[in-house]
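Chemist: Sharing a structure here in structure tokens format.
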Amino acid sequence: MSNLLKVENLSRSFGGIHANSDITFDVNEGEILGVIGPNGAGKSTLFDLITGFTKSDKGQVILRDKNITNIRPDLICRLGVGRTFQKLKPFADQTLLENVIVGALVKEKNLKVARDKALEIIDFVDLIEKRHHYAKELSTGQRKRLELARALATDPKLLLMDEVTGGVDQRTIPGLVELVLKLKKNGITVVTIEHNMKIIMDISDRILALNQGKRIAFDTPKNISQNTQVIDAYLGTVDAA
Amino acid sequence: MNLISKELLQAKNEPLNYFNKNSLIIIGIVVLGLFLYPFISPSKFALHLLMMIFMHAVMSQSWNVLAGFSGQISLGHAIFFGIGAYASGYFYTKFQITPWFGIIIGIAISAFIALLIGVPMLRLKGHYFAIATLLIGISFQVIFQRWPEVGASAGLYVPINRDSPWLSMQFHKNKVAYYYITLVFFIITFFLVWLLNRSKLGYRLKAIRDQSEAASSLGIHVSKYKVIAFIISAMIMAPMGSIYAQYVLIIDPNNTFSADISILVLLISVMGGVGNIWGPIIGSSILIPISEFSRIYFGGTGRSIDLIIYGILIILICIFRPSGIVSLIPRSFREREKVK
Amino acid sequence: MTSQVIIQAIISGILMGLIYALIAAGLSLIFGLMEIVNFAHGDHLMLSMFSTFWFWMLFGIDPIFSIPLTIILMAFLGVFTHYFIIRKILNSTMLIQICATFGLAVTIRALAQFFFTPDFRTIKNPIIQGKFEVYGVFIGYPQLFASFVCLFAFILLYLFVTKTETGTALQATSQDRQAAEILGIPSNKMFALGWAIGLSCVAVAGSMLSNYYYVFPDVGVNFSLFAFVAVALGGFGSINGSLIAGVIIGIVESVGGLLIDPSYKLLYVFAVYLLVVILRPQGIFGRY
């Protein structure tokens, strides 16, 4: 398997706090990579650095053979990296369909073609009957699917998902997990931030564990579950809480 | 296959845009009525009033395109009205270039100025952008008040030409021509904005307005499109300045580059409904008659009674109907009535 | 051009700047509390000037004695404004907030034109008048007095915000509304207080200005523009920043007018704004 994404020594600090320091990892084509870590570990910052929303102080992000470090977010999207946001960012005053069409327009020049593609993706995320609902009228779980659909519409090779199951009601979690697995089946490489340990252990091929902005482990789920540093990091947060 | 794909198939067969038959018929009748109106009752005041309504609807639409489509709030939109007025007026006065071509020059200069202003302002967000546009708008007024080439504070008097009304775009005997000119611009502008709303550009701009970060994660170059929206907005505004100049034949910094115009277009849009293409028409149809009638009843500038009413109405709208009067109209008459 | 002329310009600039600073401080305080820019701020200043004028015209009360009355009037107006308008648009979009305060500005100015007519008025023979000369530099007593009073009011404001319990509560609300609510600080009352203080600032500035400035319905326009610039320069929400920014603007205005061309005074100040916000969007002293 070849590397789709390589991240080398990626670092960023905000006013003296090292949100990310020297993060190195790679993502293989076709795999699901889980990213775990306690709150404030730097997971979302890592996504922002990879997708160009935050400029890095040091390090490189390489997509296939192309250096995409610190280039504009829209260019990164056009190169085939899609993402969702932890704090959802739907186009609230527009319908689900309109939201997804915006994504589809990246690759499609014709509005009608883009519309049809958007509909297929909405069908893929199981929301077809909600297509004319305004984004603000959808539930949190549905909005997560909306963001996923919107990102998928840009034809990503790599999809970064920030807490797909975070904040949604328990019953909708299995459906969302199933959706992630369906993505993998469709040949999309996925990097997912996840708080639910059971889910992440089940679906990931490999896991990147962060704590206080540093990489503490990068291994298979089995090895991760036995890694003392990871266990400490998590127990540490339980103590603090 | 299963049920879901049937729904998908049905969805794909839906038209891209819905047209509400009833509203299309109503629009058709209204447009026809407006074209025939001068033949039915050519009262000078009524024509003047309608003309002012059309003109302000277009001016507000210009503002609305910027705010409603890309989320940038301008408090200095009179800049482009003034540029339009001065462009046609100056080139006609100095070089006898027909104002019709002057309109095009005005549009071009406005687009260029919008580009010059728009690019450095991209870094500014929210209030910083709004206040910057307010100050730039006033700066234009200050500069034109002191620029001898364009008559400084006295302004430009467009030379009277009675021989070739169409070439000079001056109609002294009968104001009906002005009515038709504004009506045509009004219809064209609204048709173009309606198209914009449904175009790829429109989708991208509305995405930026609602959530600019998400938009850029979907491959939209946010800065570029913000400048494009600013330029389009400026190009809509400029011809109104030119037509106004030909109508009153006096162009001075106080009646063109006035902060009052910048604020008025904002008030009209908010009154009608920001981000809705009918908003400016509705807002203009409510506010403009107030000032025209108060001018009749109270004389002169109407002792600013119109402004008192404007101000109070706007505050009430902000408190009770922030989405504007358009939100009072039942949804079925607006768009996408087939839904739900 | 002699050095005296330049010193004269700098001193006039500083004197005017202190007035801008107090006006800006009120604007900044309101913004810091609820992220609302009061676009009617200049018109509130105009109302304060008219209030001072009418106290003198109708009752013969000199501006230096009517200050407390004007403060009370304006503070009440502030609370009213908050209660009837601002409170209801706190959760609206920025556009609606801008529009509401603009609507207020339009209403106030139009009412002033209606009731007071657009005439220019002056207070004749106030107690404080005349000027004195130091080394060829002329300083007007009213200007000097106005600046001192504004500076004094500014210091009082600063002490209130930093040293008193209520002031600390105000600051807490300004920094984190929810956290302050949890600590038992009612944000709604704090907002009302913010408006009362904000308009008291313009009340003081307005009273003092009317000692030597024309009073007319549009008088507030340029002052409010300068206040916006001062607030942006000083950093939105920073009261201390507005003091320094106000003085900078006063100096830029008068020295720029002296060195280049006085008829473009406004533009120098605007140019400063644009340079600052484009190069350093958080203002000179603002936290990001």
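Chemist: Do we have any residue at all in the range C:114-135 that's basic (K, R), more than 18 Å from the chain's Cα centre (by Cα) and modelled with pLDDT of 90 or more?
Modeler: Yes, there is a match, as at least one residue in the range C:114-135 is basic (K, R), more than 18 Å from the chain's Cα centre (by Cα) and modelled with pLDDT of 90 or more.
Chemist: Within the group C:I14, C:I23, which residue is surrounded by fewer than 22 Cβ atoms within 10 Å (Cβ to Cβ), more than 12 Å from chain B (Cβ to nearest Cβ) and not hydroxyl-bearing (S, T, Y)?
Modeler: Details: C:I23 fails: surrounded by fewer than 22 Cβ atoms within 10 Å (Cβ to Cβ).
C:I14 is the lone residue from the list that is surrounded by fewer than 22 Cβ atoms within 10 Å (Cβ to Cβ), more than 12 Å from chain B (Cβ to nearest Cβ) and not hydroxyl-bearing (S, T, Y).
Chemist: Just to verify a result, which residue in the range A:129-141, among those that are in a helix (DSSP H, G or I) and without any contact (Cβ under 8 Å) to a residue 40 or more places away in the chain, is farthest from A:K89 (Cα to Cα)?
Modeler: Looking at the filtered set, the residue picked out is A:E129.
Chemist: Now for a different question. Taking helices (runs of 4 or more DSSP H) that fall entirely within the range A:29-128, which contain at least 1 residues that are of a type in the set (S, T, Y), away from chain B (no Cβ under 11 Å) and crowded, with 17+ Cβ neighbours inside 10 Å?
Modeler: A:43-50
Chemist: How many residues are touching a residue at least 40 places away in the same chain (Cβ under 8 Å), hydrophobic (A, V, I, L, M, F, W, C) and surrounded by fewer than 21 Cβ atoms within 10 Å (Cβ to Cβ) if we restrict to the range C:61-76?
Modeler: Result for the range C:61-76: 4.
Chemist: Another one. So if I check each of B:S269, B:S284, which one is crowded, with 22+ Cβ neighbours inside 10 Å, facing another protein chain (nearest Cβ under 10 Å) and small (G, A, S)? Explain how you work it out, then say what you get.
Modeler: Values: B:S284 fails: facing another protein chain (nearest Cβ under 10 Å).
Unique residue meeting the criteria: B:S269.
Chemist: Also, quick follow-up: Looking only at residues in the range B:155-178 that are among the polar types (S, T, N, Q) and out of contact with any helix residue (DSSP H, G or I) (no Cβ under 8 Å at 6 or more places or on another chain), which one is surrounded by the fewest Cβ atoms within 10 Å (Cβ to Cβ)?
Modeler: The qualifying residue surrounded by the fewest Cβ atoms within 10 Å (Cβ to Cβ) is B:S164.
Chemist: Out of all the residues in the range B:146-163, which are in a loop (DSSP other than H, G, I, E, B) and within 14 Å of chain C (Cβ to nearest Cβ)?
Modeler: B:R146, B:W147
Chemist: Just to verify a result, which residue in the range C:178-206, among those that are assigned to a helix (DSSP H, G or I) and without any contact (Cβ under 8 Å) to a residue 12 or more places away in the chain, is farthest from C:L27 (Cα to Cα)?
Modeler: Ranking the candidates gives C:I182 first.
Chemist: Among the candidates B:G68, B:G89, single out the residue that is at negative phi and either in contact with a helix residue (DSSP H, G or I) (Cβ under 6 Å, 6 or more places away or on another chain) or not in a helix (DSSP H, G or I) (or both).
Modeler: B:G89
Chemist: Name the residue that is nearest to the other protein chains (Cβ to nearest Cβ), counting only residues in the range B:202-233 that are among the β-branched types (V, I, T) and within 23 Å of B:N17 (Cβ to Cβ). Please lay out each step first, then the result.
Modeler: As a first pass, look at the range B:202-233 and keep what is among the β-branched types (V, I, T): B:208, B:220, B:222, B:227-228, B:231-232.
Add one more test, that the residue is within 23 Å of B:N17 (Cβ to Cβ), and what stays is B:208, B:220, B:228, B:232.
Details: B:I208: 9, B:I220: 6, B:I228: 14, B:I232: 18 Å.
Per the criteria, the residue is B:I220.
Chemist: Look through the range B:74-99, keep the residues that are in contact (Cβ under 8 Å) with a residue 60 or more places away in the chain and over 17 Å from B:F257 (Cα atoms), and return whichever of them is farthest from the other protein chains (Cβ to nearest Cβ).
Modeler: Checked the range B:74-99; the qualifying residue farthest from the other protein chains (Cβ to nearest Cβ) is B:T98.
Chemist: Output the residue which, of all residues in the range C:132-141 that are without any contact (Cβ under 8 Å) to a residue 24 or more places away in the chain and loosely packed, with under 12 Cβ neighbours inside 10 Å, is nearest to C:I64 (Cα to Cα).
Modeler: Going through the range C:132-141, the residues without any contact (Cβ under 8 Å) to a residue 24 or more places away in the chain turn out to be C:132-134, C:141.
Next, from what is left, pick out any that are loosely packed, with under 12 Cβ neighbours inside 10 Å: C:132-134.
Numbers: C:F132: 20, C:E133: 23, C:V134: 25 Å.
Within the range C:132-141, the match that is nearest to C:I64 (Cα to Cα) is C:F132.
Chemist: Could you check the range B:196-301 for helices (runs of 4 or more DSSP H) lying wholly inside it with 3 or more residues that are within 21 Å of the chain's Cα centre (by Cα)?
Modeler: On the way: elements: B:200-210, B:212-217, B:222-248, B:253-256, B:259-272, B:279-298.
So the answer is B:200-210, B:222-248, B:253-256, B:259-272, B:279-298.
Chemist: Search the range B:100-111 for residues that are closer than 13 Å to B:G241 by Cβ and pair each with any residue that is of a type in the set (K, R) and modelled with pLDDT of 95 or more when their beta-carbon atoms are under 7 Å apart and the residues are at least 6 apart or on different chains.
Modeler: none
Chemist: Give the residues of the range C:83-96 that are part of a helix (DSSP H, G or I) and within 8 Å of chain B (Cβ to nearest Cβ), sorted by residue number.
Modeler: Within the range C:83-96, C:I85, C:K88, C:I89, C:M94, C:L95, C:I96 qualify.
Chemist: Take the conditions surrounded by 15 or more Cβ atoms within 10 Å (Cβ to Cβ), at pLDDT 85 or above, in contact with a strand residue (DSSP E or B) (Cβ under 7 Å, 6 or more places away or on another chain) and not basic (K, R) and apply them to B:T133. Does it pass?
Modeler: It is false that B:T133 is surrounded by 15 or more Cβ atoms within 10 Å (Cβ to Cβ), at pLDDT 85 or above, in contact with a strand residue (DSSP E or B) (Cβ under 7 Å, 6 or more places away or on another chain) and not basic (K, R).
Chemist: Take A:V125 and tell me if it is under 30 Å from A:G59 (Cα atoms) and in contact (Cβ under 8 Å) with a residue 24 or more places away in the chain.
Modeler: Values: under 30 Å from A:G59 (Cα atoms): no; in contact (Cβ under 8 Å) with a residue 24 or more places away in the chain: yes.
Here the answer is no, as A:V125 does not meet what is asked.
Chemist: Please indicate, with yes or no, whether at least one residue in the range A:136-148 is within 20 Å of A:R78 (Cβ to Cβ) and crowded, with 21+ Cβ neighbours inside 10 Å.
Modeler: yes
Chemist: Can you find, within the range C:229-264, the residue that is modelled with the highest pLDDT among those that are facing chain B (nearest Cβ under 9 Å) and within 20 Å of C:I10 (Cα to Cα)?
Modeler: Ranking the candidates gives C:V229 first.
Chemist: Would you mention how many residues in the range C:97-111 are more than 19 Å from the chain's Cα centre (by Cα) and more than 7 Å from chain B (Cβ to nearest Cβ)?
Modeler: The number of residues fulfilling the criteria is 1.
The values are calculated or read from the model by the stated rules, or taken from the named source; none is laboratory data. Note that this is a predicted model, so its numbers are computed, not measured. Virtual Cβ from ideal backbone geometry, glycine too; neighbours counted across all protein chains shown.
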